[in-house]
1. Quick one: is residue 169 closer than 30 Å to residue 70 by Cα, in contact with a Lys or Arg (Cβ under 8 Å, 6 or more places away or on another chain), modelled with pLDDT of 90 or more and not charged (D, E, K, R)?
2. Out of curiosity, is residue 101 at pLDDT 95 or above, among the charged types (D, E, K, R) and assigned to a strand (DSSP E or B)?
3. Limited to region 207-220, what total is found for residues that are out of contact with any Gly (no Cβ under 6 Å at 6 or more places or on another chain) and surrounded by fewer than 19 Cβ atoms within 10 Å (Cβ to Cβ)?
4. Could you check, for region 64-86, whether at least one of its residues is basic (Lys, Arg), within 27 Å of residue 157 (Cβ to Cβ), in a strand (DSSP E or B) and at pLDDT 85 or above?
5. When region 153-171 is examined, which residues are found to be surrounded by fewer than 15 Cβ atoms within 10 Å (Cβ to Cβ) and within 20 Å of residue 121 (Cα to Cα)?
6. Being surrounded by 13 or more Cβ atoms within 10 Å (Cβ to Cβ), of a type outside the set (Lys, Arg) and at pLDDT 90 or above is the requirement here; does residue 187 meet it?
Amino acid sequence: MKRLVSALALAGLVATGSAVAKPGDVYLFGHYTHSNFNGLNSLYESENEDYSGTESFKQEHNRYGFGAGYVLDDTWSFELGYKDLGRFKSSYNDESSTFSETGGLKISSQALVLRSIATLPITQKFKLEGSVGLAMTRSKLTSSDNDSLGGYTEYDERRTTLAPTLGLGASYAFTDNLALFGRYEYIHNAISSKLLADEDGDDDYGTIHASTLDLGVRYTF
């Protein structure tokens, strides 16, 4: 009986532990990401405005990310993480009695993000979080056109850019080691304007930003 009481008491201490990250702690994290490129709708419409045939448009929103963090003190921590920002695809099929043309484009983007995170404890286990950071994004664009007269063109371009980030979220610690977190993060100019420029170097599509919703776990060593 005494052993059972002792075991229950120990379990209660674990369950109600402080769950407070300590300065010098290192943690790993992984998360699901729902990503959206703001401004790609106008890119799609502009790309296909001259075609009267069938058109399609698709963004692949559901992606992932992972990384590591370091707790500086009771308020501040730093993270370095990778995030897949998703894919954008558009295609067209323009057919007439004498001429037909098909083609489309694909855009993909990934980011390496260095962020500082400030936390505001609400309870021992629940915290609000705000972050600012810098993302190095790597974007790729491929496009192709094929017509019934035998004409074919293909384009492949890659660009890297630095972009500021802002984030807001919250976390809940189940134990001293394991926590669940959610975060909205905005990446300004996630896709380089040079990637979308035309042959004369003019940027017709404006700035493409990324908005992401992350849901994941952190494990502290």
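The values are calculated or read from the model by the stated rules, or taken from the named source; none is laboratory data. From a predicted model like this one, the values you see are computed outputs, not experimental measurements. Cβ: placed from backbone, ideal geometry, glycine included. Neighbour counts: every protein chain shown.
1. Criteria met by residue 169.
2. In short, no.
3. 6
4. Checking region 64-86: at least one residue is basic (Lys, Arg), within 27 Å of residue 157 (Cβ to Cβ), in a strand (DSSP E or B) and at pLDDT 85 or above.
5. 166, 168
6. When the stated conditions are applied, residue 187 passes them.
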